[in-house]
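First the structure, in the form of structure tokens, and then the observations on it.
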Amino acid sequence: MNMLTGHIEPEEDVRSARTNRVRNGSIALVALLLAGGAWKLTHHAPVAAAPPPANVTVATPLVRDVRAWDDYVGRFAPSKTVEVRPRVSGQVVGVHFKDGDIVRQGQLLFTIDPRPFAASLAEARANAASARSTLALARSDFARANRLVGDEAVSAGEVDALKARVQAAEAAVAAADARVRQKSLDVEFTQVRAPITGRISDRRVDPGNQVAGGEGTTGSLLTTINALDPIYFSFDGSEALFLKAQRSRVAGAKTSPVEIQLQDEAGYRWKGQLDFTDNGLDPKSGTIRGRAILRNPGYFLTPGMFGNMRLASGGTQRALLVPDAAVQTDQARKTLLVVGQDGKVVAKPVQLGPVVDGLRVIASGIAPTDRVIISGTQMALPGMPVQAHLGRIGPDALADATPAAAPPPPAEATFAH
């Protein structure tokens, strides 16, 4: 209501006046902001300085002759194994080794009671003496008859009979001597000796037990001996690896060396040679059986142990090597960061080979003159300039001293007293 005129203003007019005042204030604020922006455009603010190029270390790839290997998994086996069984039956009266010993060829292992065989030998010798006495008498009679033939005191039939007696007596002596040799062997067989050098198993019979002798598997099993030096390593290879080895052999490759790594070792310390390849592939599995032979002078390697074997798949070849840490992963491909002549980073896709002494073999993708970033890769991006410092690529200094892998932890422990 207007007090001067007494006129009451409508409510809509009051609301419209307020709206106009708000609009006018907003326009003034926008104008003020525009004026401030125009002043900033006419008075330039200082621009921040660009960051310096990242420092990286570059080096040309190491060029070395390397040998390619194929990997296999296999198991150690003895080069010889013998089941020790007695040749004669009798009672075991002595065991002359400790279970698990290394025994030498010819070493005495078991003694079987020799007394029955010694008695049989004495009887055979007595029979041989009797046969020789009979032979001497027959020869004497034959000689006497020959002297009387001229006087016609003895008929020709009697002379022939005496001659036959001499021949029969000689045959009896030969048979008696053969029995003596047989009985002597029986006495010798009462001492069971090691047929080969190797590690012996535990004894299967104790003194006092009766054992059966015989040929083949009919005799009682006394123990077994495995020859461990040299020792075999048996493995199965795929048809593809077999074809690869065959083509290398056709190309003139020599005997392939092998290296074997045990499950608790970090390197391949056991060296050997490929010894045998089977004469056919298994049609069910598509694999072929192979065997390597290696020295084991300390008898450390034991039959039944597993190992990872690598087999040289050909001669040496020239290769480019870079640190494995320098290889970058870009989705499904592998790349190396290289500094170009303009000082900018370039990512080159590469094909990787195996790792040799901590260095990765690069099968393709780079040249021997490329400057590969080996340090500072996290600060380098493709296309950006960098400050390159010259470095050098070399094999791992600790490559020859391959550390052993950590052994499995013990199941439990107690305080030592």
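Coordinate-derived values only; no laboratory data. Treat the numbers as computed from the prediction; the structure is a model and nothing was measured. Cβ placement follows ideal geometry from the backbone for every residue including glycine, while neighbour counts extend to all protein chains displayed.
Some points to look at:
- Look at the alpha carbon pairs under 8 Å that are at least 6 residues apart: their mean separation over the length of the stretch 199-332 gives a relative contact order of 27 percent.
- The stretch 89-184: trypsin sites (Lys or Arg not before Pro) in DSSP coil with no more than 15 other Cβ atoms inside 10 Å: Lys98, Arg104
- Cβ-based exposure ranking for Ser89, Ser201, Ser140, in which fewest neighbours within 10 Å come first: Ser140, Ser89, Ser201
- Cα-based convex hull, the stretch 84-225, per residue volume (Å³, whole number): 117
- With neighbour counts taken as other beta-carbon atoms within 10 Å, the residues Asp202, Asp186 rank, fewest first, as Asp202, Asp186.
- Here r is the Cβ-Cβ distance between Ile102 and Ala175 and R0 is 41 Å; the resulting FRET efficiency, rounded to 0.05, is 0.40.
- Sorted on the mean count of surrounding Cβ atoms within 10 Å across their residues, most packed first, peptides 239-246, 344-351 read 344-351, 239-246.
- Local electrostatic count at Leu135 - Lys and Arg +1, Asp and Glu -1, tallied over other residues with Cβ under 12 Å: 0
- Radius 11 Å from Cβ of Glu215, net charge of other residues (Lys, Arg +1; Asp, Glu -1): +2
- At R0 = 22 Å, FRET efficiency that the Cβ-Cβ distance of Asn308 and Ala77 yields, to 0.05: 0.85
- Here the simple spin-label model places points 7 Å from the Cα toward Cβ, and for Arg247 and Arg132 these points are separated by 7.6 nm.
- With 0.36 nm allotted per residue and the present C-alpha distance subtracted, the Glu265-Val159 stretch has 29.5 nm of extension available.
- The stretch 78-195: relative contact order as a whole-number percent, Cα under 8 Å and 6+ apart: 44
- Radius 12 Å from Cβ of Leu243, net charge of other residues (Lys, Arg +1; Asp, Glu -1): +1
- Annotation note: trypsin sites (Lys or Arg not before Pro) in the stretch 358-392 located in DSSP loop regions with a Cβ neighbour count of at most 16 within 10 Å are Arg392.
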